[in-house]
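The values are calculated or read from the model by the stated rules, or taken from the named source; none is laboratory data. These numbers come from a predicted model, not from an experiment. FYI the Cβ positions are ideal-geometry reconstructions off the backbone, even for glycines, and counts take in every protein chain you see.
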Amino acid sequence: MTADQIAEDCQRHTLFTWSAQGRVQPLTMVSSRGATFRCSNGKTYLDLVAQSMSASLGHQHPEVVAAMKAQLDTLPYAAPAFATEIRARLGQRLARLCPGNLDTFLFTLGGADANENAIRIARAVTGRHKILSRYRSYHGATAGALQLTGDPRRWPGEPGPPGFVKVLDPKPYSFRFAEDPEAITGAHLRYLEEVIDAEGADQIAAFFMETMTGINGAEPPPTPDYLRRLKAMLDRRGILLVLDEVLCGAGRTGRFLAAEHEGVVPDLVTLAKGITGGHAPLGVVGMSRTIADRFDQNPYPGGLTYNSHPMCLVAADATLKVLEEEDLMSRARELETVLIKGLTELKGRHPSLASFRCRGLLAMMDLGRDGKGTPIAPFNGTHPLMERFKSLLLERGIYTAIRWSHVMITPPLVISEEEIATALAAFDEALKITDEMHPSHST
């Protein structure tokens, strides 16, 4: 098939998600390797977002590909009712990698249904129905996960299943609890206590949150003790803490779980995306033995045909093996320093770079129109300058995710310092476009 035929048939016979079909203009990918991919236009792109924040080892890692080929020759499929060697091996590896008493795992098909199952587990274990989650969040596009979600992608799915209550984040989109991080932590926890009292603590099964917010800001907890204080508050009320680490987990922030930076072990954790390096779909719900024991005599009320699929499990086991053997979590911490230095220099040169955050290789730039950091694009909208910004990056061979006024930086963990320098040089040029709106541009 020609490149034009591929694009035409994909648009004619398939739906592109989160897109108006009449406006979508997809690139046609033909090959990929390491931190780059090549398209039918002959251009090679630096993948600064690891596709959907998933290709943590880069594209086509040879060890993962080899392991998957060997699994095809051994046992390509087994129903969820069967024990398999790869299921045992991955369970052992995850129990070793996860902190504390997280040693039992449910294997699903992706992040959304991992969160669906976490909801189900929390309700079954506590006997309570309500679920708290934050507005500045994304937890998936299935019915329950979409109601966990706070960002506007939730709106078309409403009304959805009942029992979900939203709360503001420590740092909402525009409102501020305080300016000082310590004051933010204190004020936000007091606010949560009031919400919990108003909703009835004995009605609430769990509090869900992304340990480090993903596409809605790449925001870490406001202070190092925030998660510990939150966990203690929830424990006193019998409410489970569920951390969504679908995007920030599996080594992306320099620890296997982002929660390890704060020294917190959640009651439940969900993983996906980078856990297979994007080589196959897989979601994981991790839980303590105490929670898992609740299902010793009572059947677990859930499961799908392809849960614990051997091909997905071997992709994860091989990915995590490489993650450990190549010490990529340490590498993420080292490259964090490189990225922060580069972004700091860009901020000094470009007034439209209002702020940025970076932990490991999970970073985001916020682009502003004035000295107050007012976003260039409106809430849940875009702006012509942001379209030009994105177009210039593509022209320079940089592929990343841009949403509203935010620029995501989540490259494969194998990205080189030279490739980071290439990306920063492209940002340096693109930021001249957004600087045009800033009042200081004409002075």
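Applying the criterion of being part of a strand (DSSP E or B) and touching a residue at least 24 places away in the same chain (Cβ under 8 Å) to the residues of the stretch 389-418, the residue that is nearest to T253 (Cα to Cα) is I409. Within the stretch 60-84, the residues that satisfy the criterion of being in a loop (DSSP other than H, G, I, E, B) and either under 23 Å from V30 (Cβ atoms) or polar (S, T, N, Q) (or both) are Q60, H61, T84.
P266 falls short on exactly one of the conditions (1) touching a Phe, Trp or Tyr at 6+ places or on another chain (Cβ under 8 Å); (2) part of a loop (DSSP other than H, G, I, E, B), and that condition is (1). For the stretch 21-35, which residues satisfy the criterion of being surrounded by 11 or more Cβ atoms within 10 Å (Cβ to Cβ), touching a Leu at 6+ places or on another chain (Cβ under 9 Å) and either basic (K, R) or within 30 Å of R154 (Cα to Cα) (or both)? Within the stretch 21-35, just L27 meets the criteria. Among the conditions (1) in contact with a Pro (Cβ under 8 Å, 6 or more places away or on another chain); (2) surrounded by fewer than 16 Cβ atoms within 10 Å (Cβ to Cβ), the only one that A95 does not satisfy is (1). Against the test of being assigned to a strand (DSSP E or B), crowded, with 23+ Cβ neighbours inside 10 Å and in contact (Cβ under 8 Å) with a residue 12 or more places away in the chain, the options L106, L57, L90 yield a single qualifying residue, L106.
When we screen L240, L268, L230, L257 for residues that are more than 26 Å from R333 (Cα to Cα) and either touching a Pro at 6+ places or on another chain (Cβ under 8 Å) or surrounded by 19 or more Cβ atoms within 10 Å (Cβ to Cβ) (or both), the only hit is L240. Tally time: how many residues in the stretch 3-20 are surrounded by fewer than 14 Cβ atoms within 10 Å (Cβ to Cβ), without any contact (Cβ under 8 Å) to a residue 60 or more places away in the chain and either more than 24 Å from M53 (Cβ to Cβ) or among the hydrophobic types (A, V, I, L, M, F, W, C) (or both)? So the answer is 9. Looking across the stretch 385-428, the residues that are loosely packed, with under 14 Cβ neighbours inside 10 Å and within 29 Å of W18 (Cα to Cα) come down to E387, S391, E395. Scanning the stretch 269-308 for residues that are in a strand (DSSP E or B) and at pLDDT 95 or above yields a total of 8.
From the list R333, R252, exactly one residue is surrounded by fewer than 18 Cβ atoms within 10 Å (Cβ to Cβ) and within 19 Å of the chain's Cα centre (by Cα). Which is it? Let's see the steps before the verdict.
Working: R252 fails: surrounded by fewer than 18 Cβ atoms within 10 Å (Cβ to Cβ).
The conditions single out R333.
Looking only at residues that are under 16 Å from the mean Cα position of the chain (by Cα) and within 20 Å of T108 (Cβ to Cβ) in the stretch 143-152, which one is surrounded by the fewest Cβ atoms within 10 Å (Cβ to Cβ)? Even if it seems obvious, please write down each step before you answer.
Going residue by residue through the stretch 143-152, those that are under 16 Å from the mean Cα position of the chain (by Cα) are 145-146, 148-151.
From what's left, within 20 Å of T108 (Cβ to Cβ): 145-146, 148-149.
On the way: A145: 29, L146: 23, L148: 29, T149: 27.
Across the stretch 143-152, the extreme among qualifying residues is L146.
Count of the stretch 327-364 residues, restricted to those that are outside any helix (DSSP H, G or I) and more than 14 Å from F256 (Cα to Cα), is 11.
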